Amino acid sequence: MTARTAEKKTALRLPERFRQLKSLHGDPPMSVPYGYVSEGTESFLFVSPVEKRDAMPFHDPETVIDGIRRELGEDQGIIEVVNGITREQRRYIYTVVKTLKRMQGVQYNLTMHLERADGVLQVQGFFSEAGITGARDALVFALLEKQGEIRVRDSVPEGWVSDPYDPWYTKGVRMNRSEQERFDVLFPAHPLSELRKFVKEIIVDN
């Protein structure tokens with residue numbers, strides 16, 4: 001489907017599974033909401049324009065990573081920051097940050113900026129675990145422990161968590177091994193797998 005911002009000027013091709021939702025008071029300015037629910041994921045998006053001066057630097061993911069670290073809460077951690085060029089030769093950059101939900105489970109937050117002929121488009125996505133939570137972590141942990149890739153010493157797992165860009169960074173909730181992209185194929189309904197699938201579709205279709 002073709003998503004448009006509230007200004008009706010800038011279009012973005014979204015996967016057909018996403019449906020436009022009713023805008024509510026408190027939504028980001030000039031944004032349009034979209035949503036999709038699958039077996040293991042609740043997905044919610046805002047599509048909106050941003051001023052070029054407020055966009056993330058398309059050429060400089062390191063600066064973006066540093067900026068994220070300054071704002072991370074104790075219940076958050078970086079999963080990935082990636083830049084590149086879409087099929088239509090538009091620059092993009094996106095960030096994925098995980099946040100522990102208050103009750104249980106994890107939400108993966110996507111912020112993606114796409115360069116357009118008439119400015120910059122922002123996609124803010126929230127991909128949350130639905131139903132049974134923690135299965136991906138538990139199964140991959142057991143697999144890697146069996147293979148000897150991680151060890152548990154004095155009830156502390158070694159080699160399980162690490163910041164993807166700085167092994168010495170220890171603040172917040174660091175990325176764990178199950179969140180590596182290589183495991184997405186085993187857990188296609190997991191919110192992080194759904195998020196990465198969505199990003200790939202946006203890059204190919206725009």
For this session: Please find, within the range 159-193, the residue that is nearest to Leu144 (Cα to Cα) out of those that are assigned to a loop (DSSP other than H, G, I, E, B) and β-branched (Val, Ile, Thr).
Result: Val173
Problem set entry | Qualifying residue in the range 119-129 (condition: of a type in the set (Asp, Glu), out of contact with any helix residue (DSSP H, G or I) (no Cβ under 6 Å at 6 or more places or on another chain) and in contact (Cβ under 8 Å) with a residue 60 or more places away in the chain) | no
Exercise. Of the residues in the range 66-90, how many are without any contact (Cβ under 8 Å) to a residue 60 or more places away in the chain, closer than 19 Å to Arg116 by Cβ and not hydrophobic (A, V, I, L, M, F, W, C)?
Worked result: 2
For this session: Could you identify the single residue in Gln76, Gln122, Gln107 that is modelled with pLDDT of 95 or more, farther than 28 Å from Asn206 by Cα and under 17 Å from the mean Cα position of the chain (by Cα)?
Result: Gln76
For this session: Quickly run through the range 7-48 and pick out the residues that are among the basic types (Lys, Arg) and either in contact with a helix residue (DSSP H, G or I) (Cβ under 8 Å, 6 or more places away or on another chain) or crowded, with 19+ Cβ neighbours inside 10 Å (or both).
Result: Arg13
Exercise. Hey, any hits in the range 129-144 for a residue that's surrounded by fewer than 19 Cβ atoms within 10 Å (Cβ to Cβ), of a type in the set (S, T, N, Q), at pLDDT below 95 and over 26 Å from Pro188 (Cβ atoms)?
Worked result: no
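The values are calculated or read from the model by the stated rules, or taken from the named source; none is laboratory data. Keep in mind the model is a prediction, meaning the values are calculated, not measured. Neighbour counts are summed over all protein chains in view; Cβ atoms, including those assigned to glycine, are modelled from backbone coordinates with ideal geometry.
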